1. So what is the orientation-averaged projected area of region 45-84, using the convex hull of its C-alpha atoms, in nm²?
2. Taking the 0 to 90 degree range and rounding to the nearest ten, how far is the long axis of helix 73-83 tilted relative to the main principal axis of the chain, both from C-alpha atoms?
3. Please work out the Cα convex hull volume for the chain and give it in Å³ per residue.
4. What nm value, rounded to one decimal, do you get for the distance between residue 47 and residue 28 when each label is placed 7 Å out toward the C-beta?
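What follows draws every value from the coordinates through simple rules; no lab data is involved. Since this is a predicted model, take the numbers as computed values, not measurements. Heads up, the Cβs are rebuilt from the backbone with ideal geometry, glycines too, and the neighbour counts pull from every protein chain shown.
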């Protein structure tokens, strides 16, 4: 039996990090950012929240720079090519 690995995903709309199976990554919605690993909890800018607050114009939680360092760019590029 083959086990499927899970990867962390950050939701821009809720501001939380959750795990998704690697086979289900192609089903992610817009605003879900796949990560290579969990970001550190000792960021001096966001204090471990991984965002700097809610944007009042579109009500999203923009990611902090600590979260941007662990974004899985390969999966994001493959999702862009998959959706086009």
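1. Answer in nm², one decimal: 3.8.
2. Helix 73-83 sits roughly 70 degrees off the main axis of the chain.
3. Here the figure is 99 Å³ per residue.
4. With each label placed 7 Å out from Cα toward Cβ, I get 2.8 nm.
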